Amino acid sequence: MKKISIIIPAYNEQENLPLVFSRVNALFEGKLAPYELEAIVLDNASTDQTEEVARSFASKDPRWKYVRYSRNFGPDVSITAGLDFSSGDAVVNLYSDLQDPVEKIPDLVAEWEKGAEVVNGIVQERNDNSYLKTLGAKLGYALIFMLSDCKIPLGATDFRLLDRKVVNVMKSMRESDRYMKGLVGWIGFRRAIVPYNREPRTHGTSTAGLVYCFFYTFNAIVCFSGKPLHLATIFGFGVTLLSLLMGTLYFILYFARPSFLAVAPPGITTIMILVLLGIGVQSLFLGLIGEYLARVYNQGKGRPLYVVDRSVGIS
């Protein structure tokens, strides 16, 4: 039997996990009965009863495993750990909030059986609880698509299936600043998509608000593109050229003294605005360069991507 690994990142999901457990097991007793199941709950140091609930799954069903990190390392690193611990012929990422439908996993598997090695879930319609979050996600993915060198499909999510060959490649990529959608898009391989509608959370509250979407988008662009630096260079060149043109114009006006000007054009306000603009632009671009240097610095430390505190069923 081929084995399908389901990796399930979780943070404070004590109410949703029982639903995940029952729906995943029902799936492998029905449409996916010909496949062997491996389910790994990846706990980002939850502060509720997530650990107790997940441990109860592992005690009742040996197909279920549990990993708890020493702290919250974030969803992308959590997915990376899931790939490290998985042993299936294919690996499916499923968030425990159940906004991505468990019942679509057979569609991912069907595309995999047809020969696809990366099967992306593509959101057609979002039914998030927050309008601002939905708007932020759409704008964020549009910016990533425009500014990133790695063209991930619009609407692509972390709900995906990866073939074992792809998983082995992903395990070799150990960037400390991670954007998993970009990494999956960068590696290539044969691809397929499965469209679906994202549902609202059944229980709990999402921690991914509008501010999170902004920083997530910024990190994705910086991780996979040098375009912001190129744009900074172009903008700096444009500002320099504009300054030279304005200086030339003021020089001509000062000495020519055309009849329609009673006095030389006043310049104090203009100078102050241009100086403040120049300081602001320089500070912005220095900060942008610093973001890239910080990622080089973090990568050079060589720290592990995550630290496991305790686990069940993982050697």
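Would you order LYS171, LYS65 from fewest to most other beta-carbon atoms within 10 Å of each residue's own beta-carbon?
By the 10 Å Cβ count, ascending, the order reads LYS171, LYS65.
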**Asked** Can you list the residues of the range 164-195 with backbone N under 14 Å from a point 7 Å past the Cα of LEU305, pointing along Cα to Cβ?
**Response** 166-187
**Fill in**
With label points set 7 Å from each Cα along the Cα-to-Cβ direction at GLU199 and ASP61, the distance between them in nm comes to 1.6 nm
**Complete:** Per-residue Cβ contact counts at 10 Å, fewest first, order SER46, SER176, SER59, SER96 as SER59, SER176, SER46, SER96
**Prompt:** Arranged by the count of other C-beta atoms within 10 angstrom, fewest first, what order do PHE235, PHE73 take?
**Reply:** PHE235, PHE73
**LEU241 paired with ILE289, simple spin-label distance in nm, labels 7 Å along Cα-to-beta-carbon** = 2.2 nm
**Asked** At a Förster distance of 35 Å, what's the computed FRET efficiency of LYS114 paired with MET173, Cβ-Cβ distance as r, to 0.05?
**Response** 0.85
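Here, each number is a calculation from the coordinates, and none is a lab measurement. Keep in mind that what you see is a predicted model, and the values were worked out from it rather than measured. A quick note on method: Cβ atoms are made from the backbone with ideal geometry, for glycine too, and the neighbour counts reach across all protein chains shown.
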